[in-house]
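What follows is a set of notes on a single structure, which appears directly below.
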Amino acid sequence: MAMTFALDVGPLKPELAPLILGLVLFFLVFAVMAKVILPRINKVLVERENATDGRIEEAEETRAEAARVHAEYQELLAEARHEAARLRQESVEQGTAIIAELRAEGQRQREEIIAAGHAVIDAERAVAEAELREQVGALATQLAGKIVGEPMADFAQQNGVVDRFLEELRTAQPSDAATGEKRD
């Protein structure tokens, strides 16, 4: 008596031998997967996770290093700006000092040139007065001689009339010379 076992599962109606064979093969494939393939997959996944975690840690370390370098950069930049401002201020102060020094030197040179010019003018005036004194004296003496009809050169020279007259003109006040008034 052979036993036929039939399941009543609807229109599929599986037979027992293929069902058992299918279950045995399923568990066999499951066992191979669980013992061989899944450990390898788990190993690869763990390695990837470790690599990812390592890279995340490296990235965090790199980020921390970058933040430290950035802070150092900002500090150096602030120091450089401060140094540039200090140098700029020193340059302005030096420039101001140089300008003041050059102005003082220019003022001193101007004063020297003016003083030298006054000295030259005074010397030229003295020379011109001396020349005019001689010429005016000689002309006045000649003119007086022509008016009187006799030579007056010896008389004027002996008495110093021309020198006295020119001295009186020099000491005369400017208002007297401008109005033509004589001083007594």
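The values are calculated or read from the model by the stated rules, or taken from the named source; none is laboratory data. Note that the coordinates shown come from a computational prediction; the quantities given were computed from them, not determined experimentally. Please note: Cβ atoms are built from the backbone with ideal geometry, for glycine as well, and neighbour counts cover all protein chains shown. Note: areas computed on protein heavy atoms with side chains; ligands, DNA, RNA excluded. Shrake-Rupley method; radii C 1.70, N 1.55, O 1.52, S 1.80 Å.
Annotations
- Amide H contacts under 5 Å for residue 172, placed H, 5+ residues apart: none
- The 3J(HN,Hα) values that the Karplus relation (6.51, -1.76, 1.60; θ = phi - 60°) gives for the stretch 27-41 are, in residue order, 5, 5, 5, 4, 5, 4, 5, 5, 8, 10, 6, 5, x, 5, 5 Hz. Gly and Pro appear as x.
- Shown are 152, 33, whose ranking by accessible area with a 1.4 Å probe and every protein chain present, most to least, is 33, 152.
- Whole-angstrom gap from the stretch 88-124 to the stretch 21-77, using each part's C-alpha centre: 82
- Dipole of the stretch 1-137, positive end: most advanced residue of 44, 109, 76 [Cβ charges, Cα centre]: 44
- Taking a ≥ b ≥ c as the square roots of the Cα gyration tensor eigenvalues, the stretch 3-126 comes out prolate, since a/c reaches at least 1.5 and a/b is larger than b/c.
- Sequence-ordered 3J(HN,Hα) estimates for the stretch 63-71 from the Karplus curve with 6.51, -1.76 and 1.60 and θ = phi - 60° stand at 4, 5, 4, 4, 5, 5, 5, 5, 5 Hz, glycine and proline given as x.
- Fully extended contour minus Cα-Cα distance, from residue 38 to residue 90, at 0.36 nm per residue: 11.2 nm
- Net charge dipole, the stretch 9-66: roughly 620 debye, given to the nearest 20, about the Cα centre with Cβ charges of +1 for Lys and Arg and -1 for Asp and Glu.
- Applying the Karplus relation 6.51 cos²θ - 1.76 cosθ + 1.60 with θ = phi - 60° to the stretch 163-171 yields 3J(HN,Hα) values of 4, 4, 4, 5, 5, 5, 5, 5, 7 Hz, where x marks Gly and Pro.
- The alpha-carbon of residue 13 sits under 16 angstrom from the alpha-carbon of none of the aspartates and glutamates, leaving out residues fewer than 8 places away in its chain.
- Built amide H within the under 5 Å cut-off of residue 152, gap 5+: 145
- Estimated at the nearest 10 Å², the accessible area of residue 122 is 80 Å² with a 1.4 Å probe.
- Straight-line cross-link partners of residue 43 among the aspartates and glutamates, defined as a Cα under 17 Å from its Cα and at least 8 positions apart when in the same chain: 53.
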